[in-house]
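Worksheet for the structure shown next.
Throughout, read-outs are computed from the coordinates displayed, never taken from laboratory work. Since the model is a prediction, treat every value here as computed from it, not as a measurement. Quick reminder, even Gly has a Cβ in these numbers, built from the backbone with ideal geometry, and neighbours come from all protein chains shown.
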Amino acid sequence: MATTTVADSMPDALKQSRYHMKRCFARFIETGRRLMKLKNLMEEIESTIEDKEAAVVPPYVAFAVRHNPGCWDYVKVNADNLSVEAISPKEYLKFKEMIFDEDWAKDDNALEVDFGAFDYSNPRLALSSSVGNGLNFVSKVLSSKLGGKPEEAMPLLDYLLALNHQGENLMINENLNGVSKLQAVLIVAEVFVSSFPKDTPYKDFEHKLKEWGFEKGWGDNAGRVRETMRLASEILQAPDPINMESFFSRLPTTFNVVIFSIHGYFGQADVLGLPDTGGQVVYILDQVRALEEEMLQRIKQQGLNMKPKILVVTRLIPDARGTTCNQEMEPILNSAHSHILRIPFRTEKGVLRQWVSRFDIYPYLENYAKASDATAKILELMEGKPDLIIGNYTDGNLVASLLANKLGVTQGTIAHALEKTKYEDSDVKLKDFDSKYHFSCQFTADLLAMNAADFIITSTYQEIAGSETRPGQYESHTAFTMPGIYRVVSGINVFDPKFNIAAPGADQSAYFPFTEKKKRFVKFGPAIEELLYNNEENNEHIGFLADRKRPIIFSMARFDTVKNLTGLTEWYGKNNKLRNLVNLVIVGGFFDPSKSKDREEAAEIKKMHELIEKYQLKGQMRWIAAQTDKYRNSELYRTIADTKGAFVQPALYEAFGLTVIEAMNCGLPTFATNQGGPAEIMVDGVSGFHIDPYNGDESSKKIADFFEKCKLDSKYWNRISEGGLKRIEECYTWKIYANKVLNMGSIYGFWRHFNVGQKQAKQRYFEMFYNPLFRKLANNVPIPHEEPLPLATSD
Ligand code: UDP
Ligand code: LCN
């Protein structure tokens with residue numbers, strides 16, 4: 001963090017070159033621009049690159065300055081006399097509002113949101129570099145708070161006493177109701193357990209432990225029980241963060257997990273690539289399998305024999321378009337104890353039949369969560385309350401918050417992507433966006449859920465606090481304004497220890513290296529051959545590849561504007577060198593724009609046809625419609641690797657980018673956008689390459705240079721392929737993820753009890769916002785015309 005504020009240092013900086021600065025400020029005003037972004041500022045003053053944004057309200061120019069990820073200062077400069085004054089976030093936001101809605105800016109009673117007001121006692125991280133490492137920080141804080149005298153460890157004792165599974169005590173019972181007592185008995189018990197060979201089953205010495213007040217949960221054999229008891233003794237004597245985290249990772253806290261993922265078509269087959277149904281669905285299904293595996297292992301090691309239960313709760317869509325989204329229950333493939341539960345949306349007229357865009361989903365959510373349907377069904381299937389509720393995306397996170405609060409359960413949230421940063425000025429220019437995207441609902445729901453959550457799971461650091469040059473997705477919710485609705489002076493603090501990075505992986509039973517010949521799904525060979533090289537056009541592919549000896553550059557995504565598949569096609573079309581080196585294969589969307597119900601998809605499809613025509617791409621390019629079979633897709637990545645090709649992910653912005661790690665898992669060298677998660681996934685030039693989606697010429701040159709270099713150095717392609725695989729094993733596997741997330745569930749479960757007062761205060765604030773404000777905004781979102789099913793036939 002900066003030691004001096006911008007307001008302190010700016011006057012000196014201004015004085016140093018008063019003449020130039022005056023001219024510069026005069027230019028800010030002369031341009032007539034009212035809101036200036038980094039790009040505009042750079043054009044005017046190359047030297048003040050720290051400034052992220054400036055609002056021009058003559059004679060003032062107000063700056064938002066970001067000197068480190070998550071650290072902002074605000075100042076206003078008088079362009080006439082160059083006087084500089086520090087201002088609060090609120091004052092800065094008012095400057096911005098002056099540009100878009102003067103009446104609102106001048107309204108003294110405009111509604112303000114200040115979640116920071118409730119963070120009076122919560123400790124905060126101090127270093128930008130520690131952001132996203134909340135678990136570690138919380139373990140440290142707990143160590144310092146629980147240490148020293150026995151009475152300080154009382155919260156931990158109470159927590160252990162409360163642990164149970166469906167009413168059956170775990171770990172300890174009421175006989176051990178004092179810290180000193182527990183400490184003393186632990187010493188005796190550890191000596192007793194040590195007298196047995198390590199692999200002695202728990203039941204052989206259970207009786208004696210029970211007499212002392214111990215219950216099941218310490219371990220499945222003498223060796224494990226002894227280790228856990230030693231950890232407990234160490235913590236009670238003098239806690240330290242490493243033992244604290246290990247001890248909590250062993251506690252039997254999590255048997256039943258509910259995961260909300262509501263929008264889109266949520267299914268296990270034939271859904272991927274549909275609008276709103278992308279990586280999030282892949283993520284959740286893989287996440288469930290990874291969590292279940294980790295939970296089974298933990299439960300076994302705890303010496304328990306209950307079965308974990310995971311329920312993914314989504315929306316039942318009667319018009320399921322050939323998917324299983326109209327089925328209420330579906331077991332999750334390759335899991336033993338996990339299911340999808342689908343609950344329909346209801347309106348006053350009955351069950352809503354059709355898919356609705358994630359942007360229009362808000363009017364249904366409250367009923368969904370509260371109107372007994374979901375809650376009652378979950379409680380019935382779980383035979384009680386879940387131990388952990390995880391939300392996904394805005395809609396799932398809001399419903400997770402409502403239910404977790406109602407049931408008093410630990411809650412984690414996952415954004416996958418926060419929409420706010422995807423659309424420039426989507427907050428302050430709300431009026432331009434709201435009728436189409438309903439961002440007033442979305443940003444309110446996001447704000448509520450991120451404040452209600454006990455912990456937030458993110459895939460990358462940049463998702464929280466961005467990079468040197470770009471603010472993070474969560475960071476953009478720190479202070480913002482939606483004129484006419486409310487002004488957020490403190491929305492979320494990225495230094496809050498609730499933030500944790502746990503990156504997803506890719507299913508390695510499908511996505512494995514192209515070199516593992518024996519494992520390859522050869523049965524897809526003919527279909528893939530047809531898909532890539534059959535010269536006839538049909539409703540699955542158009543265009544053809546005349547020279548099949550060339551490597552292929554490949555991309556696959558939903559057909560959203562932000563995915564920029566048309567951008568990549570244009571770069572390719574324009575770059576003759578690249579066109580002479582490689583073929584292009586695009587997977588995504590379908591070919592008839594009039595059949596798309598999605599606003600952006602239809603426009604992108606049309607544009608793609610135009611580009612193919614404009615650059616005469618047939619012969620060098622194949623466009624394949626969205627593909628839904630992940631095993632076949634994995635073989636497609638590997639077939640592209642066989643051609644010594646590459647994967648290209650050209651998105652204008654990508655929150656994480658599962659296709660990037662799928663390609664890397666298959667050993668396919670990958671070029672991916674430098675805007676968002678992929679920039680963090682790969683080390684440029686070592687495990688893949690970064691490309692700038694806003695500079696197509698430079699990006700296509702980088703790709704062409706790579707293939708040229710591969711021609712000269714036969715080992716180069718393999719080096720990048722292996723670099724990608726190494727990176728995956730080190731950082732991006734589901735095993736690493738599941739372990740981290742279950743540890744979060746356990747530690748933050750305790751943390752919420754520890755901070756119960758503050759949690760309740762925030763919850764009250766949540767309700768105050770939810771009831772009068774969110775409801776009103778949600779009710780403004782139109783409900784589709786199509787006739788819903790009458791209630792009577794819905795169940
Ligand atoms: N996908 C697919 N078929 C398609 C397009 C995408 O199976 O036609 C899959 C892809 O393999 C990946 C996911 O959908 O697993 C997309 O995830 P990503 O994180 O890349 O992007 P998102 O769609 O979530 O924005
Ligand atoms: C949503 C996105 O936009 C992608 O970037 C992610 O990879 C996906 O969700 C899974 O988290």
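Taking the simple approach of a point 7 Å from Cα along Cα-to-Cβ for both Ala546 and Lys385, what is their distance in nm?
Between Ala546 and Lys385, the label points sit 6.9 nm apart.
Note down, for the stretch 124-179, the three equivalent ellipsoid semi-axes (square root of 5 times each alpha carbon gyration tensor eigenvalue), biggest first, whole angstrom. Let's see the in-between values first.
Values: eigenvalues 175, 50, 6 Å².
Semi-axes (√(5λ), whole Å): 30, 16, 5.
So how much slack lies between Lys406 and Gln508, counting 0.36 nm per residue of separation and subtracting their Cα-Cα distance, in nm?
33.0 nm
From zero outward in steps of 10 Å, how is the percent of C-alpha pairs of the stretch 415-515 spread across the bins?
Histogramming the stretch 415-515 at 10 Å steps yields 14, 43, 27, 11, 5, 1 percent.
Restricting to Cα pairs below 8 Å that are 6+ residues apart, what does the relative contact order work out to for the stretch 683-733? Please round to a whole percent. Working shown, then result.
Numbers: 28 pairs, mean separation 24.4, N = 51.
That works out to 48 percent.
Find how many whole Å separate the alpha carbon centroid of the stretch 206-250 from the alpha carbon centroid of the stretch 386-450.
When both Cα centres are located, 39 Å separates them.
Give the separation of the Cα centroids, the stretch 172-199 to the stretch 48-90, in Å.
Here the answer is 61 Å between Cα centres.
R0 = 22 Å: FRET efficiency of Asp629 with Arg719, Cβ-based, nearest 0.05? List each step's numbers first, then the result.
Values: r = 31 Å, r/R0 = 1.41.
The pair Asp629/Arg719 has a calculated efficiency of 0.10.
Before anything else, pin down the relative contact order of the stretch 115-263: Cα pairs under 8 Å, at least 6 apart, normalised by residue count, whole percent.
Value for the stretch 115-263: 27 percent.
Hey, rough spin-label estimate for Ala126 and Asp80, points 7 angstrom out along Cα→Cβ, what's it come to in nanometres?
4.3
Short version: what are the Cα gyration tensor semi-axes of the stretch 431-581, square root of 5 times each eigenvalue, largest first, in whole Å?
43, 22, 16
For a test of the definition: using alpha carbon positions, the gyration tensor, and the 1.5 limit on a/c, classify the stretch 374-449 as rounded, prolate or oblate.
The shape class here is prolate.
Ignoring everything except DSSP H segments at least 4 long, calculate the 222 nm mean residue ellipticity for the chain; use -39,500 (n - 2.57) per segment, divide by total residues, nearest 500. Before the final figure, lay out each step's value.
Working: 30 runs with 339 residues, N = 795.
Value at 222 nm, helices only, nearest 500: -13000 deg cm²/dmol.
Can you pick out the pairs among Lys385/Lys735; Lys96/Lys563; Lys140/Lys740 whose Cα atoms lie more than 28 Å from each other?
Lys96/Lys563
Based solely on C-alpha atoms, express the radius of gyration and the Dmax of the stretch 446-492 in angstrom.
According to the Cα coordinates of the stretch 446-492, Rg and Dmax are 11.6, 33 Å.
Which lysines have a Cα lying under 19 Å from the Cα of Lys436, excluding residues fewer than 8 positions away in the same chain?
Excluding near neighbours in sequence, the set is Lys420, Lys422, Lys597, Lys776.
How much length would be gained if the chain were fully extended between Val756 and Asn109, taking 0.36 nm per residue of separation minus their Cα-Cα distance, in nm to one decimal?
229.8 nm
Taking a temperature of 20 °C and a viscosity of 1.002 mPa s, what whole-number D in µm²/s does Stokes-Einstein yield for the stretch 114-255 with Rh from Kirkwood over alpha carbon pairs?
131
Between the stretch 490-549 and the stretch 575-622, what is the C-alpha centre distance in whole Å?
18
Give me the one-decimal nm value for the distance between modelled label points at Glu206 and Met154, 7 Å along each residue's Cα-to-Cβ direction.
3.4
Note down the relative contact order for the chain as a percent, whole number, built from C-alpha pairs under 8 angstrom at least six residues apart. Could the numbers behind the result be given before it?
Working: 1501 pairs, mean separation 105.7, N = 795.
Here the relative contact order equals 13 percent.
What per residue convex hull volume, in Å³, do the alpha-carbon atoms of the chain yield?
183
Provide, as a two-decimal number, the C-alpha radius of gyration of the stretch 323-382 over 2.2 N^0.38 Å, N being how many residues it has. All intermediate terms of the calculation are to be shown ahead of the outcome.
Numbers: Rg = 13.0 Å, N = 60, 2.2 N^0.38 = 10.4 Å.
Here the answer is 1.25, to two decimals.
Take the Cα atoms of the stretch 522-732, build their convex hull, and give its volume per residue in Å³.
Taking the convex hull of the Cα positions in the stretch 522-732, it is 113 Å³ per residue.
For a quick check of your reading of the filter: which chymotrypsin sites (Phe, Trp or Tyr not before Pro) in the stretch 581-653 sit in a DSSP loop and have no more than 10 other Cβ atoms within 10 Å?
none
For a test of the definition: using alpha carbon positions, the gyration tensor, and the 1.5 limit on a/c, classify the stretch 306-354 as rounded, prolate or oblate.
oblate
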